[in-house]
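Following: one structure in structure tokens, then a few remarks.
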Amino acid sequence: MPRIRVGMISYDHVHAEFRSRALKEMTDDVEIVAVADHDESRASEAQRKFGGRPYRDYRELLQRNDLDLVFIHSANNEHKAMVLDTVSAGKALFCEKPLATSARDALEMTRAVESAGLRNTVGFCSRYIPEAERAKQIIDRGSLGQIISVQAVIGLAGIREIGCPGHMADWMEDPNRGGGGALIDEGSHAFDLLHWFVGDVEAVCGATANIAKPAIAVEDSAMTLVRFKGGALGSLSTLWSLNIDIGMRSTLQLFGTNGTLFVDLTTKAPGLSLYSEDAEDKALQGWTSPHLKPGETEPHDCLSWPTHVQHYKREVTDIVKRFQTGEPFRTTFRDALKVARVTEAAYQSARENRFVSVEKQE
């Protein structure tokens with residue numbers, strides 16, 4: 001099978017480094033043939049590390065006729081132009097989350113890729129954490145019964161505090177370039193997981209604050225109450241001022257009519273705890289720790305990566321395999337559009353101090 005020829009657009013986001021490394025390690029399946037960044041030094045550094053011809057203007061990269069798949073990791077407010085230009089060039093594409101800084105732009109981008117018939121996926125890498133995959137299996141087999149309530153917390157010590165480069169922190173802390181703060185950033189992962197685990201969101205009520213980082217122009221904390229279309233209720237806390245052991249956290253607690261599931265994703269000791277009284281084997285009744293089985297596309301060298309970034313390796317490996325076989329990608333722009341709509345409704349709710357329905361326009 002011929003190698004997939006990849007073009008990387010922008011290294012504004014550190015995740016471009018993670019995914020470029022993952023792609024470069026798949027030497028039998030992938031070749032990075034072009035890299036682009038408006039900062040010439042970053043483009044040159046990307047070429048040195050990952051190969052490919054460097055470009056300062058991503059539109060010149062898109063003129064190449066040897067690209068199979070394009071990855072976009074620019075500042076959030078630049079996604080739309082880059083995605084639409086990539087669609088015009090007829091290239092399959094990956095876009096980092098959030099897809100856009102507004103639901104209107106996300107809808108336009110989604111319509112564009114679908115109308116062009118181009119394969120598309122989004123960087124919802126939390127779905128590739130093994131504990132998240134196992135939680136989805138447990139939920140889908142009905143072990144919790146009907147989900148009644150879910151509580152989620154996701155956050156960081158801060159963009160700078162966890163070691164992200166200064167140029168990235170600058171645009172993420174800019175309300176125009178980033179589109180917001182902790183809510184749009186961390187909330188993108190959490191809202192996607194909530195959709196995946198529980199279902200579509202009907203309405204939200206949000207509040208935002210900046211308590212610990214008054215020097216930045218966006219929120220460092222947000223709380224969102226969620227009402228799901230299936231009747232469940234939920235709460236989500238998103239933070240950029242988290243003071244905790246490894247500087248980041250992602251946990252969910254799901255309560256159902258037949259059981260309870262605690263999902264610890266980004267913690268010092270990731271794991272699952274399931275409570276159920278329905279198991280036929282009495283030894284499995286009460287609290288148990290469900291077994292994690294490696295997926296079929298589990299990278300053989302995954303453990304050479306630090307624990308908190310292994311899911312990027314899993315994600316990229318899965319994307320490449322699905323691209324090769326023609327299987328549907330695990331996430332698409334449609335999933336990202338849902339997240340954009342919920343995020344926008346949460347910000348509107350915070351401004352207006354009321355529940356806001358999640359608008360749906362196809």
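Helix-only arithmetic for the chain: the sum of -39500 (n - 2.57) across DSSP H runs with n ≥ 4, divided by the residue total, places the mean residue ellipticity at 222 nm at -10500 deg cm²/dmol.
Kindly work out what percent of the DSSP beta bridges joining two residues of the chain are antiparallel, to the nearest 5. Of those bridges, close to 60 percent are antiparallel. When the chain is treated as a Gaussian network with alpha carbon springs shorter than 10 Å, the biggest mean-square fluctuation among T86, T332, T307 belongs to T307. Taken one residue at a time, the phi angles of region 178-193 give Karplus couplings (6.51, -1.76, 1.60, θ = phi - 60°) of x, x, x, x, 4, 5, 6, 7, 6, x, 4, 5, 5, 4, 5, 5 Hz. Gly and Pro are set to x.
Taking every C-alpha pair closer than 8 Å and separated by at least 6 residues, the mean separation divided by the residue count of region 201-307 gives a relative contact order of 13 percent. Rounded to 0.05, the FRET efficiency of the D281 and K136 pair, given R0 = 22 Å and the Cβ-Cβ distance, is 0.45. Translational diffusion coefficient of region 1-85 (Stokes-Einstein, Kirkwood radius from Cα pairs, 4 °C, 1.567 mPa s): 103 µm²/s.
Axis of helix 333-352 versus longest Cα principal axis of the chain: the two differ by about 70°, to the nearest ten degrees. Under a model in which nothing but the beta-carbon of Lys, Arg (+1) and Asp, Glu (-1) is charged, the chain shows a dipole of about 260 debye around its Cα centre. Using the Karplus relation 6.51 cos²θ - 1.76 cosθ + 1.60 with θ = phi - 60°, the per-residue 3J(HN,Hα) values for region 154-160 come to 9, x, 9, 5, x, 4, 6 Hz, with x marking Gly and Pro. With the convex hull constructed from alpha-carbon coordinates only, region 162-300 shows a mean projected area of 11.6 nm² over all directions.
Hydrodynamic estimate: the Kirkwood radius of region 131-226 over Cα pairs, inserted into Stokes-Einstein at 10 °C and 1.306 mPa s, corresponds to D of 105 µm²/s. Compactness of region 216-362 was expressed as the Cα radius of gyration divided by 2.2 N^0.38 Å, which yields 1.30.
A Cα-only calculation for the chain places Rg and Dmax at 20.2, 64 Å.
Relative contact order for the chain: 19 percent, from Cα pairs under 8 Å spaced at least 6 residues apart, divided by residue count. The residues packed around A209, meaning those with a beta-carbon under 11 Å from its beta-carbon, carry a net charge of -1 if Lys and Arg are +1 and Asp and Glu are -1.
If you take the Cα centroid of region 209-268 and the Cα centroid of region 170-187, the two points sit 17 Å apart. The residues packed around A169, meaning those with a beta-carbon under 10 Å from its beta-carbon, carry a net charge of -3 if Lys and Arg are +1 and Asp and Glu are -1.
Here the relative contact order of region 68-227, from alpha carbon pairs under 8 Å that lie six or more residues apart, stands at 20 percent. For region 1-86, a simple Cβ point-charge model (Lys and Arg +1, Asp and Glu -1, everything else neutral) yields a dipole of about 80 debye relative to the Cα centre. Once the convex hull of all Cα atoms in region 87-134 is built, its volume per residue stands at 90 Å³.
In 10 Å bins starting at zero, report the fraction of Cα pairs in region 28-174 per bin as a rounded %. Reading the bins upward from 0: 9, 30, 33, 21, 7, 1. Computed about the Cα centre, the dipole magnitude for region 57-207 is approximately 340 debye when only Lys and Arg (+1) and Asp and Glu (-1) carry charge, each at its Cβ. Relative to the longest principal axis of the C-alpha atoms of the chain, give the angle of the C-alpha long axis of helix 15-25, reported between 0 and 90° and rounded to the nearest 10°. With rounding to tens, the tilt is 70 degrees. Size descriptors for region 220-281: radius of gyration and Dmax over Cα atoms are 14.6, 46 Å. Exceedance of the 20 Å cut-off in Cα-Cα distance is limited, within the set K229/K338; K293/K313; K49/K313; K97/K229; K24/K313, to K97/K229.
Throughout, read-outs are computed from the coordinates displayed, never taken from laboratory work. No experiment lies behind these values; they were computed from the predicted model shown. A quick note on method: Cβ atoms are made from the backbone with ideal geometry, for glycine too, and the neighbour counts reach across all protein chains shown.
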